[in-house]
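Coordinate-derived values only; no laboratory data. These figures come from a predicted structure and were not determined experimentally. Cβ placement follows ideal geometry from the backbone for every residue including glycine, while neighbour counts extend to all protein chains displayed.
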2 protein chains.
Amino acid sequence: MPTNPDWVKKLKPAAPQGTDILSGERAKSNVNVDQLADFLFTQKTLQQREELVKILSAEQVFDKSKNYFQGREDRILGSLARGKRLQQLTEKNNWPTEKFEHALQLISEASPLAMHYKMFMPTIREQGTPEQHKLFLEKAQKFEIIGCYAQTELGHGSNVRGLETTATWNPEDKTFTIHSPALTASKWWIGTLGKVANHAVVMAQLVIKGKVLGPHPFIVPIRDSKTHEPLPDVHIGDIGPKFGFNTMDNGFLLLNNVKVPHVNMLARFSRVDPNTSQYIKPPTPALVYGTLTYVRSTIVLESGSVLARGVTIATRYCAVRRQFQDLDAKGKVGENQVLNYSMVQYRLLPLLAATFALHFTGRNMITLYEENQKRLAAGDAPGGSDSQRRPGPEELNAGGDLLADLHSTSCALKSYSSTIAAEGLEVCRRACGGHGYSSFSGIGSYYADYLPTVTWEGDNFMLSQQVARYLLKSARAVLTGKASDNDTTRFLKNFLKRQDVGAAFDVLGSDTELVDAFAWRVAYLTFDALKKRDEEKQPWNSLLVDFYRLSTAHAQYMVVKSFRDALSIDSTTKAGLDQETLAVMHLLYKLFALYTLEKESTEFFSSAATTVKQIALARKQVMKLLEEVRPHAVRLVDAWKFPDWQLDSSLGRYDGKVYEDMFYRASELNPLNEVVFDSNPNSPHLLKKDNRTKSKL
Amino acid sequence: MPTNPDWVKKLKPAAPQGTDILSGERAKSNVNVDQLADFLFTQKTLQQREELVKILSAEQVFDKSKNYFQGREDRILGSLARGKRLQQLTEKNNWPTEKFEHALQLISEASPLAMHYKMFMPTIREQGTPEQHKLFLEKAQKFEIIGCYAQTELGHGSNVRGLETTATWNPEDKTFTIHSPALTASKWWIGTLGKVANHAVVMAQLVIKGKVLGPHPFIVPIRDSKTHEPLPDVHIGDIGPKFGFNTMDNGFLLLNNVKVPHVNMLARFSRVDPNTSQYIKPPTPALVYGTLTYVRSTIVLESGSVLARGVTIATRYCAVRRQFQDLDAKGKVGENQVLNYSMVQYRLLPLLAATFALHFTGRNMITLYEENQKRLAAGDAPGGSDSQRRPGPEELNAGGDLLADLHSTSCALKSYSSTIAAEGLEVCRRACGGHGYSSFSGIGSYYADYLPTVTWEGDNFMLSQQVARYLLKSARAVLTGKASDNDTTRFLKNFLKRQDVGAAFDVLGSDTELVDAFAWRVAYLTFDALKKRDEEKQPWNSLLVDFYRLSTAHAQYMVVKSFRDALSIDSTTKAGLDQETLAVMHLLYKLFALYTLEKESTEFFSSAATTVKQIALARKQVMKLLEEVRPHAVRLVDAWKFPDWQLDSSLGRYDGKVYEDMFYRASELNPLNEVVFDSNPNSPHLLKKDNRTKSKL
C-alpha cells in the first residue's frame, strides 16, 4: 500500500478540530442519549450490538477497509467469505436468528448466501409437508443443499400470474417437467442463484392435462453438489452489475425440460394426487397475507434506521464543516458551521424527525401484526412466503376486517416509508456537499444498495392501488351503514358527519387536532375518489394518480399518529424518558407533522382541513422549530448509536475526525496510487510501473 | 467469454416482439421526427453525429461492451486510451473544438484528460500574458505538458476566499513558495490530477510581505516529465472511488514549500512587480462573470438532453414492457403496455415535456449571452475561467444591468435545470421497474456521473441566494423609481400596479396569461422576501428557504416563457415545423406549465395568481393532456436522435429488442460467468475454477 512522506504525516487539519466541534455540540444539549437509545432499542439490543461489533471487527474476514475499492468479483468473493464465516460463528456460538440477523445488519452488505436463509428455507418450511421438510429442509439447515427462490422472470416482475415457466405433470412416471418456453421465461434477478445455490424453488405454472392452474413452487436441483457445475439442461449465470447490491449474485436460470419427481412440488397447500392426477386446491387462499404484511412491517421499521444512518453522517459532518461567514455577522468571527444555515436545517432536520417517526410507526405495525397473529392463532393460517404476489379483491374480502385493515396499512406504509428513506438518503448525501459524492461518505453505496426496496415486496406505486381499494371499500361500507368499527371507519364517519359544518382544526395549538387534520384529509380524498369511481364511473386506470395521493395521505396520517402515540405519557413514563429529552422529542413531532402539512398544503386547504392562513403560519412555525431543534441535532443522532464500524464513513465519524479519515483512506488504502499511468497521447503506452505489464493503447 | 448452449440460442421472447410494438407506436403518430430533430439540433449537427458514430464505433478502443463490468483501474485506463486516441483523431483530421466535444458527448464518460482541455489550457489562455502563452500554452497544445486546475481543497469548496494554500513572494530570488500549511489545505477533487497531469494551475493565497492578497493562479510542475513520478516535496494521489465519475482520476495534492519562478504566476490581470514587490490589482473585477454565465448556460442547455436520454430509455421500455391487464378491460386482451398506465404517464410525460422546455431555455440563454458579449466587445472583458468563484454583491453592482440580469438568470436556471435533470433521471430509472436497477438500463451510471452537476459551478442551493439578491435589488430599484427597463422590472412593476385589483389570469385558456401567472408569482415572492428583509429586518440566514423558493419560481417562469417563445409562429415557421408536429409540441408546453403550476399550487393561490378552483381544473387538465400526448411519446423521444451506441442501454434500444439485449449482455459479456465459486460454509475454499488460484477463506 502507498505511504505518505514524513512532512505529510505531520500535517493536521486547520483549527478548530472536528473532535472539539462535536464535543462542543454534545455539551450544549441535555438530550439524554442513553435513555433515548434505550427507548428506541432496549438495553438488550444495544448490548448485543456492542458484543457483535467486538467479535466481528476483530476478525480479518470482516475487515471493511477494502470494500470501497474492490471490483465486483472481489466484492462477491469477500461477501461470500463473510457469509460462510458468519454461518460458522452462528453455529459455534448457537446464536438465535435475531442475533445472526443483527450481525448481518452490522456487516451491512447483501450476502450472496442471503436468499438461502431468507427465502429458500422459509418457503420449504411454510409450504412443504413434513416429508418435504425431512427431505429438503434438514439438508438445507446443514448446508448440504444451498437454495434460492426463483420467481421473477425476465419478462415478468410484479404480475406473478403472468409467469411463463411451466411445470407439466407427467402421470406416466409421476414427475413434473419444468420448462422455460421463451427467453422472457428466464428466471431473472434471483439472489443467491448466480454463483452460489445448487437448488432453487422455482415458481412455475402448473399444467395438468393441458390445463394451466397458476404458479406453484417446485424444488429443482440446478448445480452438481460436488463440482458445482450446472446440471444438464440447466443454464445459469449472474445477470451482471447493478446500480448497487453488487455483493449479491443475482442470477438467471433457464430450464430445458428438466424432470423432477412428484415430491419436489411443495405440497402443504396445493397438491397433485399422484394416482388420480387430480389437482387439490388450498383451503382458504385469503390468509397468505399475514406473511406479506409482516415483511412490509419490517420494511417500515427498518426505514427509520436506514434513514437515520444517512442523517447521522450528514448531521455530524455539517456540524464539523464550516463554510462562509454569516452574512449578518459583525467583525471577524470565522466561518459558520454548515448546520447553522437555515437551508441546510430545512433539508436535514425534518428528516431527523422522520427517522423517529418511521421507527415508532414500524414498531407499531409489528405490534399490531403480532396481536393479530395471536387472534388468528386458533385456526391454521395457511399461505406462506409468496411475498411477491398481489392479492385480488376477492382474497381481501375473505381475509377478515382486521387483517384487511392491517394489510392495507402495511401497503401504504411500506410505500411511503421506503420512498422517504431512499429519497432522504440522497438528500443527506447532497447536504454533505462535494464530499458527499466520495464513496468514503458512506452514503452513496448504502443508498444504492437500499434502492431496490422501493420496487420489491410490492412496487411503491403499485401498492397504492391496494390501499385505495381498501379505503373505497370501507367508505362504501360506511355509506351503507355496514361498516365494522375501526379507526378507518371512525374517521370516515366523522368526516361525513362534519363535512358541511367544517373542521376548524387547531393544527398549530393542539397535537390531537393536528392528527385529526391528517385523518380529515384522508377521508376527503377517499370520498372524492369514491365519487369519481362509483358515481362518475371513471376508469380505474384514470384514477391511479389520485390513488397514489390517497395512499400517501393515509400513510402520513398513520405516521403522524404513531409518532404522537409514542410520546404519550404512558409510553414515555414506562421508558423513563426525562422531561428535557421528551420536550425535544415533542419538537421533532411538531416539526415532522407541520413540515409534512406544509409540503402537502394544497390537499389540506382543498379539503378545508386548514385555512390558507394556517398554512402560512405552519410554514413560519417550521422555521422556528428548526432553530429549536438545531442545538440538539448531534445528540439526537447519537441516540441511534450507530457504531463507526457499521457506518464505515469518513464524514460520519463519532469523533469528528473527518479530514484525517478522508485523507487516510485516499492516500493509504487506495490501490490506484500504486500504479503509474502514462498519459501522453504521443506515447503508445498506458501503464509505466515496472511490476506491471505495459498495457498497449 | 461464456457461451450459451444451443437450446438457449433458439429461444425468443414471448410475443408480441419489442420490435413490432415500437413499430406500432411509431405508426400511430404523425409527429415528424426528422423535422423536429432539425428544429432541436440543425441538420449540420445531426450529420456530424452520424459521421462521428461511424468513425468511433468502428475502432476497438472505443468499444463500450466492457464498461459496465470493469473495475476502477480498468475504467480509467480504458478512458485514458480513448482520450489519447481521440486526441490523435482530432489532430489527424483537424477537427474543430465543437466536433471534438461532440465526440466526447457520444463517448459519454468523463475523460481523465478532460481538465487539460477544459480548465488548464483555458485558464492559461485567459489569465496568462503573451509570454506565458509561449512558455506554457504552446507546450500544452502539443501535450509536452499536461495540466489540471487545482482550486478546491479538502476543507474548502464553495468558499474560494477561504483557501489555505499559500504562495509567498520571495523578493530575494524572485520566486514564489507554494505551500500547504495544513491537511485541510490539500487540493482535493481535482480532475486529471490523480494519475494524468504533470502540471497544475494551483489557486493559492498570494502573500507579499506578510500581507494576504487573496487567491491567485500559479503554474506548478508536479510530476517528472520523463518518469511521471511526483517531483520532490510534491505529494499526489487519486482521492479514491466515488458515487460516479469513476473514469476520472480526481486527485489530491500537497506541496511542501515548493518554489516556482516569478513567471509562473498567471499575470494578465493581477501581478507582482518583480523589482518593487508591489502588487498590481486587476482593472475591473466585475466582468469575470461572463465566463461563469457562459458555463452555466451550457449546463442549462445540456440539462435538456441529459434528461432526454433517461426519458428516451424509459419511454421505449415502458412501451415494450407489458404487465397486468387493464382492470376495466373486458375479456382476454393480454397484458397492458406499462406506458398506458396513468401513473406511469404522470411520472414520465411531464419529464418528456421538460426535456424540450429545458433545451429551448438553454438555447435562449446562449443567445442572450452571445448578444451580451457582442455589446461588451468594445471593451476588453477581463476575468477568465475562475468558474468556481462566487461573486460578492459589490462585483455584481459594477457589472452593469444586463450582465447582472443575465448572471442572475443563469444562476436560477442552472440550479433549477440541473436539479430537474438529475432527479428526473432517477424517476426514469424507477419507471423501468426492476430492470431499471440493472447497469444495462444505461440510466444508473449516467445518473451517477451527472450528479456532481448539482454541486459544481455553484451549488444549486447556494446559487439561489444570488438570484434572490438580484431580485431584491431590482425590487428596491422599482420601488424607488430607479429601475432600468427589462423583463424583470416590468413584471415587478406590473405586480405593484395590479396587486390590489387582483390578477385573474386565465391559465387554462390563454398561453400568454399562463406565462403571466408565473411572473406574478415571482413578483409576489420577491416583494414578500423584500418586506421580510428590509422592513422586518429578518436575518439573511433565516430567509434562505424563501430565497430558494424564489429562485425556483423565477427559473420556472423563465422556462415556461422560453418554451412558449420557442413555439411562436415566427420560430416554428422559420424551422418549417408542420402543423401536426407543432400541435403536439403545444400539448407538451401546456403539460409542462400546468404540471408545474399544479405542483407549486400553494404559491399560485397564496399569491392570488390563480384561484383554488383553477388549481383543481389544472389537475384535471394535466390528466387529459397525458392522454393526448401518450400516442406520440415514442416518436417524440425519437426526435432526440440518440444513437444506440451513445445510449448503451438494453432497455432503450431503438429496435425494442430489450430482452434479447439484456440476456446477451448478462450471459455472453459478463466475466463473472467464467468462474465457479465454492459456496459451502463447510468448505474453506471460495473459488473452484482450475485456471484460478484457490482462494482461502
20 Å cut-off, amide nitrogen to a point 7 angstrom out along B:K44 Cα→Cβ, residues in segment B:337-375: B:360, B:362-374
HN-Hα J in Hz across segment A:98-107 - Karplus 6.51, -1.76, 1.60, θ = phi - 60°, x for Gly and Pro: 4, 6, 4, 5, 4, 4, 4, 4, 6, 5
Low-density loop cleavage sites - GluC sites (Glu not before Pro) in segment B:496-562, where at most 14 other Cβ are within 10 Å (DSSP): B:E536
Sequence-distant residues sharing a close amide H with A:L206 (under 5 Å, placed H): A:A167, A:L213, A:G214, A:H216
Projected-area average for segment A:412-453 over all orientations - Cα convex hull basis, square nanometres: 2.6
Rounded D (µm²/s) - segment A:231-309, Kirkwood Rh over Cα pairs, Stokes-Einstein at 25 °C, 0.890 mPa s: 141
Relative compactness, segment B:96-233, computed as alpha-carbon Rg over 2.2 N^0.38 Å: 1.10
Computed over segment A:585-652, Cα set: Rg, Dmax in Å: 16.3, 49
Euclidean distance between Cα centres, segment A:564-607 to segment B:131-176, Å: 53
Under 5 Å, built H, 5+ apart or other chain: amide partners of B:M265: B:I219
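Treating only the Cβ atoms of Lys and Arg (+1) and Asp and Glu (-1) as charged, compute the dipole magnitude of chain A about its Cα centre; round to the nearest 20 debye. Can you show the working numbers first?
On the way: 85 positive and 77 negative charges, 132 e Å.
Once rounded to the nearest 20, the dipole reads 640 debye.
Taking Rh as the Kirkwood radius, which is the inverse of the mean 1/r over Cα pairs, what is the Rg/Rh value for segment A:1-119?
Here the Rg-to-Rh quotient is 1.08.
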Restricting segment B:104-149 to GluC sites (Glu not before Pro) in coil, as DSSP defines it, with at most 15 other Cβ within 10 Å: B:E144
For segment A:584-601, Karplus couplings with θ = phi - 60° (6.51, -1.76, 1.60), whole Hz, Gly/Pro x: 5, 4, 5, 4, 5, 4, 4, 4, 4, 5, 6, 4, 5, 4, 5, 5, 9, 4
Per residue convex hull volume, Cα atoms of segment B:520-567, in Å³: 54
Cα-based Rg / Dmax (Å) for segment B:64-114: 11.5, 34
Label 7 Å beyond Cα on the Cβ vector: B:D34 copy-to-copy distances, nm: 7.9
Amide H contacts under 5 Å for B:E153, placed H, 5+ residues apart: B:W188
Peptide ranges B:537-547, A:521-531 listed from the most packed, as the mean C-beta count within 10 angstrom indicates: A:521-531, B:537-547
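What trypsin sites (Lys or Arg not before Pro) in segment B:320-366 are in a loop by DSSP, with at most 10 other Cβ atoms within 10 Å of the Cβ?
Passing both the DSSP loop test and the Cβ count: B:K330, B:K332.
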Dimensionless Rg/Rh of segment A:548-697 - Kirkwood Rh, Rg from C-alpha atoms: 1.26
At 7 Å out from Cα toward Cβ: B:D487 inter-copy label distances (nm, ascending): 5.0
Principal axis dimensions, segment A:494-596 - Cα atoms, whole angstrom, descending: 55, 30, 22
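Given C-alpha coordinates of segment A:216-359, what is the ratio Rg to Rh with the Kirkwood estimate of Rh?
A ratio of 1.27.
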Net charge dipole size for the protein assembly as shown [Lys, Arg +1 and Asp, Glu -1 on Cβ; Debye, nearest 20]: 420
Other copies of B:Q141: label-to-label distances in nm, shortest first, labels 7 Å along the beta-carbon direction: 7.9
Axis proximity, chain B to A: residue whose C-beta lies nearest, plus whole-Å distance: B:G71, 2
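Looking at the square roots a ≥ b ≥ c of the eigenvalues of the Cα gyration tensor of chain A, which shape do they give, rounded for a/c under 1.5, prolate if a/b is larger than b/c, or oblate?
Here chain A falls in the oblate category.
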Binned Cα-Cα distances of segment B:468-548, short to long, each 10 Å bin given as a whole percent: 17, 47, 30, 6, 0
Spin-label proximity, A:E172 to segment A:193-232 - amide N less than 16 Å from point 7 Å beyond Cα toward beta carbon: A:209-210
Inverse of mean 1/r across different Cα pairs in segment B:38-87, Kirkwood, Å: 12.5
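What whole-number volume per residue, in cubic angstrom, does the convex hull of the C-alpha atoms of the protein assembly as shown give? Spell out each step's value before the answer.
Working: hull volume 251.8 nm³, N = 1394.
Cα convex hull per residue, to the nearest whole number: 181 Å³.
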Given charges at beta-carbon only (K, R positive; D, E negative), |dipole| of segment A:300-382 in Debye: 360
Segment A:617-627 - phi-based ³J(HN,Hα) in whole Hz, Karplus 6.51/-1.76/1.60, Gly and Pro as x: 5, 4, 4, 5, 4, 4, 4, 5, 4, 4, 4
